[in-house]
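Enquirer: Submitted below is the structure of interest, expressed as structure tokens.
The values are calculated or read from the model by the stated rules, or taken from the named source; none is laboratory data. Fair warning: this is a prediction, and the values are worked out from it, not measured in the lab. As a convention, Cβ positions derive from the backbone with ideal geometry for all residues, glycine included, and neighbour counts pool all protein chains shown.
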Amino acid sequence: MTERTERSEGHEGMPSQLSSDKTGTPVTLSHDAQAPAGEVVLEAVGLTKHFPVRPPLRTLFSRKRDAVHAVDDVHLTLRRGRVTALVGESGSGKSTVARLLAQLYPRTGGDIRLHGVTTTVKGGRRFREYARRVQMIFQDPFASLNPVHTTRYHLTRSLRIHGNAGSTPQELEDALAGLLNRVSLTPPERYLDKFPHELSGGQRQRVAIARALGANPEALLADEPVSMLDVSIRLGVLNLLRDLKERLNLAILYITHDIASARYFADETMVMYAGRMVEGGDSETVTQSPAHPYTRLLIDSAPDPDRLTGLADVDAEDRGNGEPPSLIRPPSGCRFHPRCPHAMPRCSIEMPVPLPIGDRPGHWAACWLYDEASLATTASSPNGREELS
């Protein structure tokens, strides 16, 4: 049973430490913190995930099967020494993308590439090799830690599974102390023998981060790592992740629904709506000059003192009223068009493609407002410029 499983994993699983690309040339998977900054570590190309829905009895024998279109055609690149933020409201598919990249879910379509090499793992040794390079930090630190085990147990298990525990008890103790020092839980002996319920929320999340670092990964997938924490300690955890990114040359995917924190923490921001990417670019540009109507809606939803006092000039029709669409039967064309105040007839028919905005290099939006034909039509209308401003 084990032999057959490993043979199957060797055929479909991730490449070993030294593998070959499509041309047969050996490719070494870099695992060095001194590797050049900006090196591509992990890529998602056309990533797609559909969850099948259990059919009702009346359609049990029908050939048609419904599915939740959780993620469709997502393209994402994680680079060393950079943070990429994935922003969107609840239910937009952000966490599903993280779990797909962590290979916790099998993908319906698309490709996941680790250092340019396609990877598909289904458990066992191959999954362990992949997890050694790509680690995930979950949203709720209390749920991700076993309540009946101490900090020492969680960190020791991580170190031993990934071969970083050393060969003597003293080397293990040094490794444990090093992990806790790295996440600013000092002195280490104060925290090693504590259970999760004896720690604060911020301390638990730091233990979870230390557990992920026990694998010595190249990429961290942080799924809303501060949303379960008190506002007063969120900044400390974000600063910790930023420090780890710079010191260890990590590639970080930061998932959040708070676009303001993305501007502070991330180098690049990608906006997601109803399972699809709608805008991307450097964080400063996306947050200060949003192009897609949905991105503007996210920014307008943040608290604004001027808006509360009535000083801001807010047009009620630009609020994007309405509910997110059903992902079992998503709307045709642009998925945001039922809520979009600038929707055109074309938006309900054709799926928009990523279009360059032109204000900054790399800034794009999947919106027909920025198609040349639509721009010409809008510019010729009396209030066209106002609609695009």
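Enquirer: For the range 59-114, what are the residues that are more than 17 Å from residue 135 (Cα to Cα), among the hydrophobic types (A, V, I, L, M, F, W, C) and more than 13 Å from the chain's Cα centre (by Cα)?
Expert: In the first step, residues of the range 59-114 are kept if they are more than 17 Å from residue 135 (Cα to Cα); the result is 59-75, 87-93, 107-111.
Pick out the ones that are also among the hydrophobic types (A, V, I, L, M, F, W, C) and you get 60-61, 67-68, 70-71, 74, 87.
Of everything in the range 59-114, those that are more than 17 Å from residue 135 (Cα to Cα), among the hydrophobic types (A, V, I, L, M, F, W, C) and more than 13 Å from the chain's Cα centre (by Cα) turn out to be 60, 61, 67, 68, 70.
Enquirer: Does residue 244 meet the test of being more than 20 Å from residue 164 (Cβ to Cβ) and either part of a helix (DSSP H, G or I) or not aliphatic (A, V, I, L, M) (or both)? Let's see the steps before the verdict.
Expert: Values: more than 20 Å from residue 164 (Cβ to Cβ): no; either part of a helix (DSSP H, G or I) or not aliphatic (A, V, I, L, M) (or both): yes.
It is false that residue 244 is more than 20 Å from residue 164 (Cβ to Cβ) and either part of a helix (DSSP H, G or I) or not aliphatic (A, V, I, L, M) (or both).
Enquirer: Out of all the residues in the range 140-156, is one or more at pLDDT below 95, assigned to a loop (DSSP other than H, G, I, E, B) and under 24 Å from residue 262 (Cβ atoms)?
Expert: Yes, the conditions are met somewhere in the range 140-156.
Enquirer: If the Cβ limit is 9 Å and pairs must be 6+ apart or interchain, which residue in the range 71-90 that is polar (S, T, N, Q) pairs with which residue that is outside any strand (DSSP E or B)?
Expert: These pairs meet every condition: 84/266; 84/267; 90/257; 90/324.
Enquirer: Shifting gears a bit: For the range 370-389, indicate whether the set of residues that are assigned to a loop (DSSP other than H, G, I, E, B), at pLDDT 90 or above, within 27 Å of the chain's Cα centre (by Cα) and under 25 Å from residue 275 (Cα atoms) is non-empty. Show your work before the answer.
Expert: Initial filter on the range 370-389 (assigned to a loop (DSSP other than H, G, I, E, B)): 371, 381-383, 389.
If we keep only those that are at pLDDT 90 or above as well, we get none.
No, the conditions are met nowhere in the range 370-389.
Enquirer: Next question. Out of (1) in contact with a Ser or Thr (Cβ under 6 Å, 6 or more places away or on another chain); (2) on the phi < 0 side of the Ramachandran plot; (3) modelled with pLDDT under 95, the odd one out for residue 363 is which?
Expert: (3)
Enquirer: Between a first residue in the range 273-302 that is in contact (Cβ under 8 Å) with a residue 60 or more places away in the chain and within 15 Å of residue 339 (Cβ to Cβ) and a second residue that is in a helix (DSSP H, G or I) and of a type outside the set (S, T, N, Q), which pairs have beta carbons less than 6 Å apart while being 6 or more apart in sequence or on different chains?
Expert: Going by the 6 Å Cβ cut-off, the qualifying pairs are 273/294; 278/294; 298/259.
Enquirer: Does the range 166-216 hold any residues that are surrounded by fewer than 22 Cβ atoms within 10 Å (Cβ to Cβ), part of a loop (DSSP other than H, G, I, E, B) and in contact (Cβ under 8 Å) with a residue 40 or more places away in the chain, and which are they?
Expert: Selection gives 184, 192, 193, 194, 195, 199, 215, 216.
Enquirer: What do you reckon, is residue 137 of a type in the set (Val, Ile, Thr) and either in contact with a His (Cβ under 6 Å, 6 or more places away or on another chain) or surrounded by fewer than 16 Cβ atoms within 10 Å (Cβ to Cβ) (or both)?
Expert: no
Enquirer: Looking only at the range 256-303, filter to residues that are aliphatic (A, V, I, L, M) and assigned to a strand (DSSP E or B); which one of those is farthest from residue 347 (Cα to Cα)? Outline the logic, then answer.
Expert: We begin by selecting, within the range 256-303, every residue aliphatic (A, V, I, L, M); these are 259-260, 262, 266, 270-272, 274, 277-278, 286, 291, 297-299, 302.
Subset that is assigned to a strand (DSSP E or B): 270-272, 277-278.
Details: 270: 21, 271: 18, 272: 17, 277: 16, 278: 13 Å.
That would be 270.
Enquirer: Which numbered condition in (1) at pLDDT 90 or above; (2) in contact with a Ser or Thr (Cβ under 8 Å, 6 or more places away or on another chain); (3) surrounded by fewer than 20 Cβ atoms within 10 Å (Cβ to Cβ) is the only one that residue 337 fails?
Expert: Among (1) at pLDDT 90 or above; (2) in contact with a Ser or Thr (Cβ under 8 Å, 6 or more places away or on another chain); (3) surrounded by fewer than 20 Cβ atoms within 10 Å (Cβ to Cβ), residue 337 violates only (3).
Enquirer: Return yes or no: is residue 289 among the small types (Gly, Ala, Ser), closer than 20 Å to residue 82 by Cβ and either touching a Leu at 6+ places or on another chain (Cβ under 8 Å) or at pLDDT 90 or above (or both)? Even if it seems obvious, please write down each step before you answer.
Expert: Details: among the small types (Gly, Ala, Ser): yes; closer than 20 Å to residue 82 by Cβ: no; either touching a Leu at 6+ places or on another chain (Cβ under 8 Å) or at pLDDT 90 or above (or both): yes.
So residue 289 fails the test.
Enquirer: In addition: Given the criterion in a strand (DSSP E or B), closer than 24 Å to residue 85 by Cβ and either out of contact with any Pro (no Cβ under 7 Å at 6 or more places or on another chain) or free of Cβ contacts under 8 Å to residues at least 60 places away in the same chain (or both), identify the matching residue among 220, 229.
Expert: Exactly one residue qualifies, and that residue is 220.
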